[in-house]
Structures are given as C-alpha cells and as structure tokens.
Amino acid sequence: MKIKTIISGIKDENKDPQERMFILVAVVAMAALAIITLVGLFLGESWKDLLTLAGAFAVFAVFFVLAFSLNKVQLFAKIAAGLLILVVMPVTFITSGGIHGGSHIWFIFIALFVSLIIVGPMRWILLGVMMIVIGACYFIQYNYPELITEHSEKMEFQDSLLSLIIVILLICILVRFEIMILKDAYKRADDQRKEIDELNKSQNKFFSSMSHEIRTPINTIIGLNEMILREDISDEVAQDANNVRSASKILLHLINDILDMSKFESGKMELAPIKYDMGKMISEIVGMFWMRVREKGLEFHVDVDPELPLEFYGDEVRIEQILINILNNAIKYTTEGSITLSIQYRRLDEKRCQIIYNISDTGIGIKKESMPYLFTAFKRIDEAENRHIEGTGLGLSIVKQLVELMNGNITVNSVYTKGSTFIITIPQEIAGDAKIKIGKFDLERNKESKKNHEYRARFEAPDVKLLAVDDNASNLLVFTKLLRDTGMQIDTAQSGKQALEKTLTTEYQIIFLDHLMPEMDGIECLHAIHSQVGGLSRESKMVVLTANADSESKAMYVKEGFDGYLVKPTGGEILEKECMRLLPKDMVHTIYADDSIVEESMSWLKEHERKEEVLISTDSVADISQDLLDKYNISIIRHKLITKDGIFTDGKEIEAEGLISYMEKGNNTAQNMAPSVEEFESYFASLLTKANNIIHISISGKVTDSAYAAAAEAAKAFDNVTVIDSTHLSSGEGLMAIEACKMAREGMDAATLKTTLETMKNAFSTSFVVCDLEYMAKAGQVGGKIVSLSRALMMRPVLRMKKGKISVGQIYFGSQENSWKKYIASELRFKQNIDKSLLFVTYVGMTQAELDIVKEEIEKKADFERIIFHKASPVIALNCGPGTFGLLYKKI
C-alpha cells in the first residue's frame, strides 16, 4: 500500500472516524514496534521478546492490508485487538521482565486503541477481557516469579523508559487526531447549519414573497366579488358570487398553510391573542363551508353548549384556521352522510376554561396503520386510494403544531370506512360574563337570496378626505369601490412620489399605504409625509394595507409609526370599521350598527347534547347490578355463548339458570365467545358520540377467551379510548368500573384516571368457592378423574384471581354448607382491611334459602353498608356451576 494512499486515507473526511483512526494507529503502532524491535536488538533483549515483537509487527501489517483490501476495518480491528490482548501482551509481559520491564505500560495504549476504534458491545467485552488478562499477568508475577524472564537493572530502566516515551507519544498523537476529527466534524456541522439557515431564510423569503404576490390578485377577486353582491342581482348570480367568495377564502387559507409551515420550520411562529366573539367566529366558519356541504349532498350539524361564554381572549385567527383545516378535510373525505361540529367547554377556574371542539364525519375513515403518520407534514395517508382528492398534506401538521403552541391537545378516533372524529381541546381565557345564545348567530353569508346580500354602509362621512396609495391599479379600484357608499372623498396615488404631491396640497384624515412599492416603499412614504415641509397631512392617521401577513411584519409596522394594520385581501366591512375607529367622531354619521348577532333560526344548529368528559365501559361479564349500571352510567359490551343450538347474547338472550338447565340435559356444552375487534370498534365509535374519552375496564387478559386482546387492538383506532386490563373477572372487574366512575364524576381527567386505575388493580379481591368441578371439566379446565376424586373426597376448592390468573386458593372438605361458612370466615377474617361500603355476593344456581344462609353468615363476621346479591352472568356460570358464589370487595 502506497504512503500517499495511507496519508489520503487519514485525511479523507468522508471516511468513518474510526476507520481513519485505525489507519493512523496501525501506521504509528507498526512504526513503534519496528523502533522497539531495533532498540531491543541493540540493547540485547531476549530472542523470545524480539520474536514476539517481530510477530506482532507482521500481524499488524497483514491485518492492515486485509482490512482495507476487503473493506472490513471493524472486523480486523476487533481481531487485532483480541490477539494483542490475549496473545501478544501476555507473552511480551512474561518474556520482557513483567512489571520490571516496559510491556505493562503498553496496556494503556491498547485500552485507548479499543476505546477509540472498536464500536458496539465488543468494545466493552474487549476492555473487560483486558482487565482479566492484566490481573492474570500480575497474579503470575506475584505467585510464580520464576516464569518471568528477568531483566538486568540497566535493561529494566531502558525498557520502561523507552516504552513510556513511545506510549506517551502515541497517546498524544491519537488524542490530538481525535480532537482534530471532532473540530472538523463541528466545523462541517456548523457550515451545514449555516447553509440550512440560509436555505430556511431563502425559503421563508420565497414563501413570504409568494404569499404577497398571490394575495394581491385575490384581493381584487374578493373585492370586486363583494361589489357584485352589493348590486341588485338575481338569486343565481348571488349564489355564484357566494361560491366565488368561499373558494377565494379557502385558497387564502391554503396560502396561509404554506406560509405557516415555513414559520414553524424556522421557529418563528407566534400567537397574537385578542378579545374575540365566539358566535361570530362560528358563523364565519359555518358560512365558509355551507355551500360546499350542500353541493355534496351532506348534512351539516352544529351543536353548541348553551353555557359557553360568548367572549374569549385568544388567537381567534389560529383557532379558526385549525377548525377550517379539519372541517375542510372532513368534507373532502366524506361522500355521504353528515359533518358535525360540536363545541363544549369545561371551566378550569373563574377566568380560564378548556374549549372542546369535536368534529366528526361519516367519511372513509383512517386505517389504523396510517394513524402514526396523520400529522406528518407533506404526508398524505392512503395516497393511492385518495389520489382523486385534492390536498397539500400540510393542513393536519399545521393544526397539530398550532394546537400544541396554544398548550392544547388534539386526538383522533377513526374506524376505517365508517368515519373519523377529531377532538381539539384548547385552553382559553374568558373575557366576559355573557353566554352564547342558541339560534342567534349571524348567518347572512349562508343564504342564497339577494335579500340577504343587500348592502348598507355603516356610516357616511362626506367631509372626510382619504388617500389610498398602491402601485397596483386593481387594488386602488377595489378600494374606492368598497368605500364609495360612505360618501368619503377618496383620492388615489400609484407611487410614494404621487402621494407626496397630493399631501403637499391636501389635508387627508386617513392615508392607506401599501408597503412594497417601487422607488419609495410604504414605510419610506410614511416618514416622508410625517416630515414633509409645508405638507398638510403630517398629522394624518396612517394605515398600512399590505399582503405581508405575519406577526413580525405587524410588530415592524407598529414600531415604524403606523396607526393601523390591515392584511390583503380585505373587505368593505373591515375597511369601514377601520375608518370608524380612526376618524374623528364629529365627522362620522353612523347609519347602520352591525351587531353581528341577529335573531334567526338555523337548520344546522342541533339541540345541545352535552358529552361526558369521561365515560366508563366494561364487559357484560363484570356482573354489575342494573341499578348500579344506571346510577353510574356504565356502558357494557356483551359476550356471546356458542351452543350446538345457536349463538346467544350473554345476559340478554340467555340467563345463567337457562344455561345450567341446558347443560344438565345430557352432555350439552357451551363456549364463551368474546366480542371481535370489529365489534369493539363499532362499540367504541358509538360511545364516542356520547363522551370525549372512553375508559374500558376489561376482564383479565390472562383468562381463557378473554376480550382484552380484541379491545386493546380496537382501541388503536382511537386516541380517546383506553383499555385497562382489570386482572379480575365478574364483580371484581365491576367494582373497578364503579370506582372509575366515582373518580370520573369527581372531575379526574382521562390520563390521571388511567394511571390511578393501573395502580389500583391489587385493591380488589375476587374469589369464588366452587361446590362441583363438573362444569369446569365441561369447560376443559380440569380432567374427569379430578372431578370423580373431588366428589369422593367432598372437595370444595376456592378459585382466586392472582396477578390476572385463576389459581386455587384453599380447598375445603365436607358438606356444601360447612364449606361456605369456612370460606366466608376465611375471606372476612381481616375485616379491618375491607372497604365495608359495598360487598358483592355473586352466585350461580342458588336458592333463596341458601342465599339467606350466606347472608346470615356474612353479617356475623362483618358489618357492610350494602350487600348486593347478584346472579353471575352466563359466561361466569359456564365455568362454575350451581352452588358457586364469591365474595368480591375493595380492600383498604
């Protein structure tokens, strides 16, 4: 291998750092070995020592060539390190005086070699082996000194001095080279960062410029379209104009999405909180999509909490953007059915609350495997199937980032082919005491008739002189048309120079300035007017009317001295309100007060149905009495029983007595069938129409035919569904569901409730005393011989849930009644550790007289506030048989 190739390999920044280090170490080590061999020959080292050094030199040389010929640097580095540690170093230690020579100093170099070059677990393995070898060498030196080749005192000093000098030089070279590599890597990373920053700046500049250029023609389209709507036009023309306006606004939102994504990537996205009217915002959003929904033949429902405050303090523009993006997606991906927007709120304290926006559709839904990519920028899920649906893939990514910027949360629940529900929770500050009023939103935008498009100027101001400055003639045309009915005297100028000529001779009350103009931009024109010698408009109010729509620009304009900031495209309503804000009151005659809230019945507004924040669900096998199900509003999903005569729904189409009677006829058997994944998905989807979050308490996942696996799999399609493995069955599972309901009603949120329930699994006791094992044998849980033996010995086993598994606790012998009494005494012996507010006695096939015996025995042992005797579900009865009962309670 040529020296030039070796040097270029060391300097090649494209090579792996460990590879470059290996080249350097190999070259330096071979040079060092050569020097030591020659010096050793000169000093009279033993032939064994010299032979070992020469062999090491040869091995290094061969490995060096093979490593780069076969491109297996790491492999040969590991082999070389292994041979050095296991062969070369022990032999050299023994043949060169041990600790009285210089060989032991080289262990330091080898440790550095392994640390810098070897990667992965093998590094630590080799270092560990080296420590063992060092220990072995020192052990041999101490206990068997006769095995070590002795050095003269002179050779000992010469050998150790030479080894120490060479090892120090090697370590310095390696450390220096490592520092050089790190500096080079840092410099490259810094250069890449600067390059990325420059690219981001260029990208942001491009997006900002693109936004500015597109907003200008949109301003013309929206402005002239508004003028059409003001005219005496037919219903058909009015409907077309409405569609143009809706399409323009949607296009504007797409432009904003692109601009916003660049802001997020550069870390410059900021919120601009203001006081806003929730009713007006809802009306604006509904008006924007009303026609699109109608054209697709869909129903549009809006459900608003009547207790929702009317005014809030927050970034209305961003909240509106979030809702528009999700509603836009809902409409795009729904071909039949409905779109529903539900708005609720939950108070956090006197001035703060969480607003919950729930947007659901009956569209195509989202596949479970696509859920992780839902909020990824530029990623469209199921692109092959949805290729005919337009979209940029930016909307949901921006939505998630905006929600998180507001310290909110967004979750998705979806069943593929059946629809999706997005739940957005955003904390907001309440800005007033007024409540939103059902049926009193301004929906002028939603109507097609020309009556609803009749325009009235909000004020008249014939004495006001107003100047508009813009280099685009179309913008000036739109501006003058939008404000012409106010009676103001409007002049226009297409450059800063023309504006200065006019302000020199005319006193204007308000001047509207575009920012980006040739020769003299809006900011320069502002300062020129303010400092104009002899100018008559030095005290005029200045409003920038620009297409630069970002918070940085707004801050800049305020700093420069503008009195107002409007973003293109803008409408007549906004321009009129800005004029009314800035003009002297004595120059304005108000002729129309826009209250924005008008009495109107809306077909799209549903009667409010308040959703639960958290709804608790469980299996039918949880054995909860109906009165408790009703009291705590617990939902259940039913298991089924398979028999040769058909499939029956647990607790609905078949009861425990009927099952026992059926199984006692001949050799009839039955089998539990848990709900499928698809059934759970439909079940969870229906529950989410009633609640924002679902917590499903499942039967233990470790018992036979458990429903836990199917429930957990189904929950993957829903962000707001949590499945808890109760590790219990029957009323033990039911007790956990009841406790969950109590905590939910106390206001505990879903995340905290989940964590709390996970820690409570051991707080419940689930056990049953079984009087006959025949039913367990039919269920395949025990063999026939064990049944015969148990009957002969009158065995009554107690089945107990431990860590989710059914295990045998005690075994009682004797009559059935005596076994019951022993079981009750054993279960209630530590009554001080039992929560006595509620005891479930869940039983199978017992008479009232037998239940009275059980009750009497319980009352002797403990005083419970309430004892509920409940028939076990058929699924539980299937495995236990008549005469079985269990005491199920919560421990304290």
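Restricting to region 508-533, name every residue that is within 18 Å of residue 580 (Cα to Cα) and out of contact with any Ser or Thr (no Cβ under 6 Å at 6 or more places or on another chain). Steps first, please.
Kept after step one, since they are within 18 Å of residue 580 (Cα to Cα), are these residues of region 508-533: 508-513.
Correct list: 509, 510, 512, 513.
Among the residues of region 630-640, which ones are open to solvent by less than 70 Å² (accessible area, probe 1.4 Å) and more than 20 Å from residue 682 (Cβ to Cβ)?
Selection gives 632 alone.
Could you count how many residues in region 453-480 are surrounded by fewer than 21 Cβ atoms within 10 Å (Cβ to Cβ), over 21 Å from residue 506 (Cβ atoms) and not hydroxyl-bearing (Ser, Thr, Tyr)?
Looking only at that region, the number is 5.
Output the residues belonging to region 324-348 that are out of contact with any Lys or Arg (no Cβ under 9 Å at 6 or more places or on another chain), open to solvent by less than 30 Å² (accessible area, probe 1.4 Å) and either assigned to a strand (DSSP E or B) or touching a residue at least 60 places away in the same chain (Cβ under 8 Å) (or both).
Matches in region 324-348: 325, 326, 330, 338, 339, 341, 343, 345.
Can you find even one residue in region 138-153 that is under 23 Å from residue 75 (Cα atoms) and surrounded by 13 or more Cβ atoms within 10 Å (Cβ to Cβ)?
no
One residue is enough: does region 415-436 have a residue meeting the conditions outside any helix (DSSP H, G or I), at pLDDT below 70 and not small (Gly, Ala, Ser)?
The initial filter retains those residues of region 415-436 that are outside any helix (DSSP H, G or I), namely 415-436.
Subset that is at pLDDT below 70: none.
Within region 415-436 (the criterion being outside any helix (DSSP H, G or I), at pLDDT below 70 and not small (Gly, Ala, Ser)), the answer is no, since none of the residues qualifies.
Every residue in region 783-817 that is free of Cβ contacts under 8 Å to residues at least 12 places away in the same chain, under 30 Å from residue 698 (Cβ atoms) and basic (Lys, Arg), please.
802 - this is the single residue of region 783-817 that is free of Cβ contacts under 8 Å to residues at least 12 places away in the same chain, under 30 Å from residue 698 (Cβ atoms) and basic (Lys, Arg).
Considering (1) modelled with pLDDT under 85; (2) more than 27 Å from residue 681 (Cα to Cα), say which one residue 313 fails and leave the rest.
(1)
For region 831-892, give me every one of the strands (runs of 3 or more DSSP E) that falls completely inside it and has 3 or more residues that are closer than 19 Å to residue 735 by Cα and touching a helix residue (DSSP H, G or I) at 6+ places or on another chain (Cβ under 6 Å).
834-844, 884-891
Please name all residue pairs, on different chains or six or more residues apart, with Cβ atoms under 7 Å, provided the first residue is in region 625-653 and is closer than 20 Å to residue 738 by Cα and at pLDDT 85 or above and the second residue is small (Gly, Ala, Ser) and assigned to a loop (DSSP other than H, G, I, E, B).
Qualifying pairs under 7 Å: 638/651; 639/674; 639/707.
Would you mind stating whether residue 347 is over 19 Å from residue 395 (Cα atoms) and touching a Cys at 6+ places or on another chain (Cβ under 9 Å)?
In short, yes.
Exactly one condition in (1) of a type outside the set (S, T, N, Q); (2) open to solvent by less than 40 Å² (accessible area, probe 1.4 Å); (3) touching a residue at least 12 places away in the same chain (Cβ under 8 Å) is not met by residue 128; state its number.
(3)
From the list 218, 171, exactly one residue is in contact with a Leu (Cβ under 7 Å, 6 or more places away or on another chain), part of a helix (DSSP H, G or I) and closer than 30 Å to residue 567 by Cα. Which is it? Even if it seems obvious, please write down each step before you answer.
Values: 171 fails: closer than 30 Å to residue 567 by Cα.
None of the others qualify; the one that does is 218.
Residue 510 is checked against (1) touching a His at 6+ places or on another chain (Cβ under 8 Å); (2) open to solvent by less than 40 Å² (accessible area, probe 1.4 Å) and fails just one. What number does that condition carry?
(1) is the only condition that residue 510 fails.
What about residue 119, is it β-branched (Val, Ile, Thr), in a loop (DSSP other than H, G, I, E, B) and modelled with pLDDT of 70 or more?
So residue 119 fits the description; yes.
Among the candidates 51, 112, single out the residue that is at pLDDT below 80 and either among the hydrophobic types (A, V, I, L, M, F, W, C) or open to solvent by less than 20 Å² (accessible area, probe 1.4 Å) (or both). Can you show your working first?
Working: 112 fails: at pLDDT below 80.
Only one candidate passes the filter, namely 51.
Is there any pair with a first residue in region 465-477 that is over 14 Å from residue 544 (Cα atoms) and a second that is aromatic (Phe, Trp, Tyr) and open to solvent by less than 10 Å² (accessible area, probe 1.4 Å) whose Cβ atoms are under 7 Å apart and which are 6 or more apart or on different chains, and what are they?
465/508
Determine whether region 116-130 contains at least one residue that is over 60 Å from the mean Cα position of the chain (by Cα) and among the charged types (D, E, K, R).
No; the residues of region 116-130 include none that is over 60 Å from the mean Cα position of the chain (by Cα) and among the charged types (D, E, K, R).
So which residues in region 81-109 are buried (at least 23 other Cβ atoms within 10 Å of the Cβ) and either outside any helix (DSSP H, G or I) or without any contact (Cβ under 8 Å) to a residue 40 or more places away in the chain (or both)?
84, 96, 97, 101, 102
Mind listing whichever residues of region 641-657 are open to solvent by 10 Å² or more (accessible area, probe 1.4 Å) and within 28 Å of residue 847 (Cα to Cα)?
Those that are open to solvent by 10 Å² or more (accessible area, probe 1.4 Å) and within 28 Å of residue 847 (Cα to Cα): 642, 643, 645, 647, 648, 649, 651, 652, 653, 654, 655, 657.
Would region 564-573 turn up any residue that is over 38 Å from the mean Cα position of the chain (by Cα), within 30 Å of residue 486 (Cα to Cα), open to solvent by 20 Å² or more (accessible area, probe 1.4 Å) and modelled with pLDDT of 85 or more?
Taking every residue of region 564-573 in turn, none turns out to be over 38 Å from the mean Cα position of the chain (by Cα), within 30 Å of residue 486 (Cα to Cα), open to solvent by 20 Å² or more (accessible area, probe 1.4 Å) and modelled with pLDDT of 85 or more.
Scan 868, 892, 834, 876 and give me the residue that is open to solvent by less than 40 Å² (accessible area, probe 1.4 Å) and more than 30 Å from residue 647 (Cβ to Cβ).
Numbers: 868 fails: more than 30 Å from residue 647 (Cβ to Cβ); 892 fails: open to solvent by less than 40 Å² (accessible area, probe 1.4 Å); 876 fails: more than 30 Å from residue 647 (Cβ to Cβ).
Answer to the check: 834.
Among the listed residues 520, 542, which satisfies the condition of being open to solvent by 20 Å² or more (accessible area, probe 1.4 Å) and among the aliphatic types (A, V, I, L, M)?
Of the residues listed, the single one that is open to solvent by 20 Å² or more (accessible area, probe 1.4 Å) and among the aliphatic types (A, V, I, L, M) is 520.
Might you let me know whether region 401-410 holds any residue that is part of a strand (DSSP E or B) and either of a type outside the set (D, E, K, R) or modelled with pLDDT under 80 (or both)?
yes
Report yes if some residue within region 495-505 is aliphatic (A, V, I, L, M), touching a Gly at 6+ places or on another chain (Cβ under 8 Å) and crowded, with 20+ Cβ neighbours inside 10 Å; otherwise report no.
Checked region 495-505: no residue is aliphatic (A, V, I, L, M), touching a Gly at 6+ places or on another chain (Cβ under 8 Å) and crowded, with 20+ Cβ neighbours inside 10 Å.
Taking residue 872, is it touching a residue at least 40 places away in the same chain (Cβ under 8 Å) and among the aliphatic types (A, V, I, L, M)?
Against the criterion (touching a residue at least 40 places away in the same chain (Cβ under 8 Å) and among the aliphatic types (A, V, I, L, M)), residue 872 qualifies.
With (1) touching a helix residue (DSSP H, G or I) at 6+ places or on another chain (Cβ under 8 Å); (2) open to solvent by 10 Å² or more (accessible area, probe 1.4 Å) as the list, and residue 312 as the residue in question, which single condition is left unmet?
(2)
Which count do you get for residues in region 658-677 that are under 17 Å from residue 621 (Cβ atoms) and open to solvent by less than 20 Å² (accessible area, probe 1.4 Å)?
Step one: list which residues in region 658-677 are under 17 Å from residue 621 (Cβ atoms), which gives 658-660, 670-676.
Now narrow it down to the ones that are open to solvent by less than 20 Å² (accessible area, probe 1.4 Å): 659-660, 670, 672, 675.
Result for region 658-677: 5.
When you go through 183, 154, 187 one by one, which is the residue that is closer than 14 Å to residue 96 by Cα, part of a helix (DSSP H, G or I) and without any contact (Cβ under 8 Å) to a residue 60 or more places away in the chain?
It is 154.
The values are calculated or read from the model by the stated rules, or taken from the named source; none is laboratory data. Because the structure is a prediction, the values reported are computed rather than measured. FYI the Cβ positions are ideal-geometry reconstructions off the backbone, even for glycines, and counts take in every protein chain you see. Protein only, heavy atoms only, side chains kept; ligands, DNA and RNA dropped before computing areas. Shrake-Rupley method; radii C 1.70, N 1.55, O 1.52, S 1.80 Å.
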